[in-house]
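The values are calculated or read from the model by the stated rules, or taken from the named source; none is laboratory data. Keep in mind that this is a model prediction, so the values were computed, not measured. Here the Cβ positions follow ideal geometry from the backbone for every residue, glycine too, while neighbour counts run over all protein chains shown.
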Amino acid sequence: MMTSYFHLVPQLRSEVKYFPCSRGALVRALTAKGKAEVRAEHVTLDADGTEVFADLRLNVNCTSRFPFAWSASLKLHRKRVDGVDWESHFTQYDGTAASGWQRHLWDKAREDGDSLKTVLTNFEDVASIETFLLRVCEVMRIRFDPKDHGDDLLPFDS
Amino acid sequence: METTFCHSIRDVLSTHLAAGVHVMPWRELCIIALPWKTPDDRLVDVYVEPDAEPGRYRVHDGGKSLSELYAQGIHTSDERADYFTRLAARFEATFEDDTFLKVTRWPELASSVLAIGQCATLAMQAVVRHDPVFERVIATAHVARGLQRWRSEEIERIDEDVRVQGHQSYHRFQFVAQPRPALMRQPLALKILRPTYSPRVAAERYGFMVLDLDRLDVGRWPRLVVVTQAERWQQAQLRLVQRLSRETLTVRSGEEALLEDLVPAAMTVLAA
């Protein structure tokens, strides 16, 4: 029987996730191409203590000259389970109206990361790709390789 | 149906639409939220800014639609880009640099905003058909464990995610086992082939890699190829990979744990 592993999403969101590329390399790739996808194999523990490997993808898109059109998302099984983007008007998870940068929450019942959102307050000054990436990593608990080899290529699946 | 009833529907709808349109100024830009949602549960934002030519306006989606698609793992293939171009043309707009754009004058501004809003909404239809892909277990993790079990005194180290230079391009091996220099042996390379875009693409990319490394030192390294999701591959595609590799292992989805036993045996053969 197929196991979805989506039950681990709340845990994955709260854990620190390590991606095997440097932040500098990602910023260079985003500056050159506007968008990038990086993969990581994250190890977490199931409820019974069994090691589970999660194939995570971090998608960042900074193609637009307008920061509010940028987006970042963390995907599991190619589905968004966490993310940051901007909307001029949206309804938060508690029914209140909001505007601006938002973080996507995980809807356990619908197994969906699109609809539940909460406003982010520390993104208002985002104007550069580097700042955007820094804030995203802080919010989504993403860490990169501290060693920057000056390589603008990312470890894509090849 | 009574005319008055129809008119009352019209009034209710007008009020609803008017109440649902929001505007927000940002520098030289007006951001307009339209009162309908995309399939990924967002209100559609359309941006209006003055054009360099006085009296004209640039109405666009700021590249937001494509950015949101990308965030959900939906990439712009040539086919999809062609669809977006045709879609934009239907609304007398253009699709350039991942952006739906219409340059317009004041009398057509409202219809242009609606046109870009429609483009932005219809572009998101791919979300509806985007299903999760379950990768239950990760082949790489089992291969890594298998390599550690196989590793002997003769192996100085096992490098992960090794990039090599071919004649035309760079290529990657997931693992390279480096023998101790005193042994004067070739490194042993291991590549995992996943049918991410299709088995055919994976096989052909592998074939290109082998050709590109031909007559280089790295091209002479004995290679073990691990083919995942074997049930998706056709015989011809597998044969191509097998012909171009010293050793090949194939595992079906859900059976990746077997690699912890299969890899040590295959590496022993490869090293012999």
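Within the range A:28-55, the set of residues being on the phi < 0 side of the Ramachandran plot, out of contact with any Leu (no Cβ under 6 Å at 6 or more places or on another chain) and at pLDDT 85 or above comprises A:Arg28, A:Leu30, A:Thr31, A:Ala32, A:Lys33, A:Lys35, A:Glu37. Within the range A:5-15, not a single residue is facing chain B (nearest Cβ under 7 Å) and either closer than 25 Å to B:Lys64 by Cβ or at pLDDT below 90 (or both). Of the residues making up the range B:50-98, those that are of a type in the set (Asp, Glu) and over 22 Å from B:Ala110 (Cα atoms) are B:Glu68, B:Asp78, B:Glu79, B:Asp82, B:Asp97, B:Asp98.
The set of residues in the range A:42-92 that are in a loop (DSSP other than H, G, I, E, B) and closer than 18 Å to B:Thr99 by Cα comprises A:Cys62, A:Thr63, A:Ser64, A:Arg65, A:Phe66, A:Trp70.
Yes/no matrix, rows are residues, columns are (1) surrounded by fewer than 14 Cβ atoms within 10 Å (Cβ to Cβ); (2) of a type in the set (Ser, Thr, Tyr); (3) modelled with pLDDT under 90; (4) closer than 20 Å to A:Ala32 by Cα:
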| position | (1), (2), (3), (4) |
| --- | --- |
| A:Glu87 | no, no, no, no |
| A:Lys108 | yes, no, no, no |
| A:Ala127 | yes, no, no, yes |
| A:Glu138 | yes, no, no, no |
| A:Pro155 | no, no, yes, yes |
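Report every pair of residues separated by at least 6 positions or lying on different chains whose Cβ atoms are under 8 Å apart, first residue within the range A:121-142 and in contact (Cβ under 8 Å) with a residue 24 or more places away in the chain, second part of a helix (DSSP H, G or I) and exposed (fewer than 13 other Cβ atoms within 10 Å of the Cβ). Final answer for the pair search is A:Arg141/A:Ser14. When restricted to residues that are closer than 18 Å to B:Glu68 by Cβ and either away from chain A (no Cβ under 13 Å) or at pLDDT below 95 (or both), the range B:97-106 contains 2.
Condition check: more than 8 Å from chain B (Cβ to nearest Cβ) and either small (Gly, Ala, Ser) or surrounded by fewer than 23 Cβ atoms within 10 Å (Cβ to Cβ) (or both). Does A:Ala69 satisfy that? Criteria not met by A:Ala69.
All of (1) buried (at least 19 other Cβ atoms within 10 Å of the Cβ); (2) of a type in the set (Phe, Trp, Tyr); (3) assigned to a strand (DSSP E or B) hold for A:Tyr18 with one exception: (1).
Against the test of being more than 7 Å from chain B (Cβ to nearest Cβ), touching a residue at least 12 places away in the same chain (Cβ under 8 Å) and polar (S, T, N, Q), the options A:Thr91, A:Thr96 yield a single qualifying residue, A:Thr91.
The criterion of at least 3 residues that are under 27 Å from the mean Cα position of the chain (by Cα) and within 10 Å of chain A (Cβ to nearest Cβ) is met, among strands (runs of 3 or more DSSP E) falling completely within the range B:1-65, by B:43-50.
Determine, yes or no, whether A:Leu120 is aliphatic (A, V, I, L, M), more than 10 Å from chain B (Cβ to nearest Cβ) and more than 16 Å from B:Asp40 (Cβ to Cβ). Considered against the rule, which asks whether it is aliphatic (A, V, I, L, M), more than 10 Å from chain B (Cβ to nearest Cβ) and more than 16 Å from B:Asp40 (Cβ to Cβ), A:Leu120 comes out as yes.
Among the residues of the range B:220-257, those that are surrounded by 15 or more Cβ atoms within 10 Å (Cβ to Cβ), free of Cβ contacts under 8 Å to residues at least 40 places away in the same chain and out of contact with any strand residue (DSSP E or B) (no Cβ under 6 Å at 6 or more places or on another chain) comprise B:Gln229, B:Arg232, B:Trp233, B:Gln237, B:Leu238, B:Leu240, B:Leu244, B:Glu255.
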